[in-house]
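Single-structure report; data block below.
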Amino acid sequence: MMTAVLQPRYAAKVHEHARAPRRRHFFDREAETMPREELRRLQLKRLKASVKAAYENVALHRERMRAKRLRPQDIRSLEDLRQLPFTVKSDLRDHYPFGMFARPRETLARLHASSGTTGKPTVVGYTRDDLRTWADLMARSMACAGVRAGDVVHNAYGYGLFTGGLGAHYGAERLGATVVPMSGGATERQVLLIRDFGARVLCATPSYALNIAEVAEREGVDLRASRLEIGLFGAEPWSEAMRREIEARLGLKAIDVYGLSEIMGPGVAVECEAQDGLHGWEDHFLFEIIDPESGQPVAEGDAGELVITTLTKQALPMIRYRTRDITRASTTRCACGRNHLRLQRITGRNDDMLIIRGVNVYPSQIEAVLIGLPGIAPHYQLVLERRGSLDELTVEVEATDEDVLAYPEIEARVKHHIKSLVGVSAAVVAKMPGEVPRSQGKAVRVRDLRPKAR
Ligand SMILES: [Zn+2]
């Protein structure tokens, strides 16, 4: 009976699409379609100013440049960037809390911090202009994803010190959308409000979006029949298989948004409606792809570590920040008309890489194998243990059925798929439906039970 009630509404939604295709929309057409030569001229001008400000106001940058006998005036071309020293995450922790700020603390409008799993958190700061730039870039990113003024944006990113919640919030407001500042948790209530307020856009981590889909299904609410059309998902690596799963279960287009608080927060790069790479906003950031071992740039199109230099940040200018994210970059023209480079979807972070008996494995590779396999739900955890001198990987999967007699067959099948597709031998344990913990924000994909190095 449920489907009989819902069907006409779903049909109406599909019909509306067909009748009124939304026209392509730019939040800042001039900046987004700027010819690449002009973009590079703007980058150089901004780079010079940003390096000068960092040199004059941040002891760490000044000392590192002096050690390499570099002065700000030595930066005469974009290629000269390569002479500058790198910055890494531990630099922020070592200068906790405000030691890397280029502006006096009392002139800052806001602070954010990431919860450090080990030791001190990393603290980032923003001037009023920085907050305006961030809102503009997030609004630009949302428009690029297909969000429009007047849309209801349901924001399930966590609010607070984490940059996701407020980043999406002010971007959506800047674009002229109606924001529902939901934050994470209370998932049953989220489902009802998404439906009742007519949200067209859902902002969340991909793992939490999947949790929302599952709760909706359990509560008998068909969100595919709701007004949802766009998901803006980020803050954790996710696979293409996960994207298709979320799209099918929520009835929306899942768009990948990238950012990191050390650089700004969400809105550094985003997919356009072509879903073929993320446009990195080059008028505000300089992107490099380097070989993580040698530190040298890789050839265009090759995989390497993403390094970002901020061009307009006032409070916390970053020079050659090593993100530890592995990706590729392309400057070929995009069908959407934007001229900013595209980064391949980031599915692995250097820090997330597991080495199992000499084989490098990213959790997202395991995820890509698991999602869509019959008999298991798209929820999993990887457990790492040490036996003797070897690291052992156990993949905990969740069966869709309570028939435990079928579990040995599921375990053997999943084990075989992981071995043949990822090339690693893992133990597989099938759990009962609902037994694998659900994401309330950032998913816990790995439980590392190995003894901590002293
Ligand atoms: Zn595009």
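Return the total of residues in segment 341-364 being within 18 Å of the chain's Cα centre (by Cα) and either more than 12 Å from the ligand (Cβ to nearest atom) or in a loop (DSSP other than H, G, I, E, B) (or both). Before you say what the answer is, go through the steps one by one.
Initial filter on segment 341-364 (within 18 Å of the chain's Cα centre (by Cα)): 341-353, 362-364.
Next, only the ones that are either more than 12 Å from the ligand (Cβ to nearest atom) or in a loop (DSSP other than H, G, I, E, B) (or both) stay: 341, 344-353, 362-364.
Total satisfying the criteria: 14.
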Between a residue in segment 263-284 that is in contact (Cβ under 8 Å) with a residue 12 or more places away in the chain and within 19 Å of HIS112 (Cβ to Cβ) and any residue that is aromatic (Phe, Trp, Tyr) and part of a strand (DSSP E or B), which pairs come within a Cβ distance under 6 Å, given they are 6 or more apart or on different chains? VAL268/TYR258; ALA269/TYR258
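Determine, yes or no, whether ILE255 is under 27 Å from TYR380 (Cβ atoms), open to solvent by less than 20 Å² (accessible area, probe 1.4 Å) and within 16 Å of the ligand (Cβ to nearest atom).
Values: under 27 Å from TYR380 (Cβ atoms): yes; open to solvent by less than 20 Å² (accessible area, probe 1.4 Å): yes; within 16 Å of the ligand (Cβ to nearest atom): yes.
Yes; evaluated as a whole, the condition is true for this residue.
Report the residue count in segment 274-303 for those that are in a loop (DSSP other than H, G, I, E, B) and either more than 16 Å from the ligand (Cβ to nearest atom) or not acidic (Asp, Glu) (or both). Don't jump to the end; show me each part of the working.
Taking segment 274-303 and keeping what is in a loop (DSSP other than H, G, I, E, B), we get 274-277, 281-284, 291-296, 298-303.
Subsequent filtering for residues that are either more than 16 Å from the ligand (Cβ to nearest atom) or not acidic (Asp, Glu) (or both) retains 274-275, 277, 281, 284, 291-296, 298-303.
Summing the residues that are in a loop (DSSP other than H, G, I, E, B) and either more than 16 Å from the ligand (Cβ to nearest atom) or not acidic (Asp, Glu) (or both) in segment 274-303 gives 17.
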From the list GLY267, GLY295, GLY251, which one is modelled with pLDDT of 95 or more and within 16 Å of the chain's Cα centre (by Cα)? GLY267
Quick check on my filter: what residues within segment 338-354 are out of contact with any Asp or Glu (no Cβ under 7 Å at 6 or more places or on another chain), surrounded by fewer than 18 Cβ atoms within 10 Å (Cβ to Cβ) and farther than 30 Å from GLU37 by Cβ? ASP351, MET353
Checklist (1) open to solvent by 10 Å² or more (accessible area, probe 1.4 Å); (2) assigned to a strand (DSSP E or B) applied to THR309, failing item: (1)
Hey, among the residues in segment 264-273 that are open to solvent by less than 10 Å² (accessible area, probe 1.4 Å) and part of a strand (DSSP E or B), which one's nearest to the ligand (Cβ to nearest atom)? GLU271
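Taking the stated definitions as given, is ALA368 away from the ligand (no atom under 16 Å from the Cβ), over 30 Å from LEU131 (Cβ atoms), touching a Ser or Thr at 6+ places or on another chain (Cβ under 6 Å) and assigned to a helix (DSSP H, G or I)? Lay out the reasoning, then the answer.
On the way: away from the ligand (no atom under 16 Å from the Cβ): yes; over 30 Å from LEU131 (Cβ atoms): yes; touching a Ser or Thr at 6+ places or on another chain (Cβ under 6 Å): yes; assigned to a helix (DSSP H, G or I): yes.
When the stated conditions are applied, ALA368 passes them.
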Which one of these does THR394 not meet: (1) at pLDDT 95 or above; (2) buried (at least 17 other Cβ atoms within 10 Å of the Cβ); (3) not basic (Lys, Arg)? (2)
Return the pairs, sorted by first residue and then second, in which the second residue is among the small types (Gly, Ala, Ser), the first residue lies in segment 395-422 and is touching a residue at least 40 places away in the same chain (Cβ under 8 Å), the beta carbons are less than 6 Å apart, and the residues are 6+ apart or on different chains. ILE418/ALA426
Given the criterion within 16 Å of the ligand (Cβ to nearest atom) and free of Cβ contacts under 8 Å to residues at least 60 places away in the same chain, identify the matching residue among ARG338, ARG333. ARG333
Considering only segment 355-370, state which residues are open to solvent by 20 Å² or more (accessible area, probe 1.4 Å) and in contact with a Pro (Cβ under 8 Å, 6 or more places away or on another chain). TYR362
Take ARG174 and decide whether it is touching a residue at least 24 places away in the same chain (Cβ under 8 Å), touching a Phe, Trp or Tyr at 6+ places or on another chain (Cβ under 9 Å) and within 16 Å of the ligand (Cβ to nearest atom). no
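The values are calculated or read from the model by the stated rules, or taken from the named source; none is laboratory data. In this text, all values refer to a predicted model and were calculated from it rather than measured experimentally. Cβ atoms come from the backbone with ideal geometry, glycine included; neighbour counts cover every protein chain shown. Heads up: the accessible areas ignore ligands, DNA and RNA and are worked out on the full protein's heavy atoms, side chains in. Shrake-Rupley method; radii C 1.70, N 1.55, O 1.52, S 1.80 Å.
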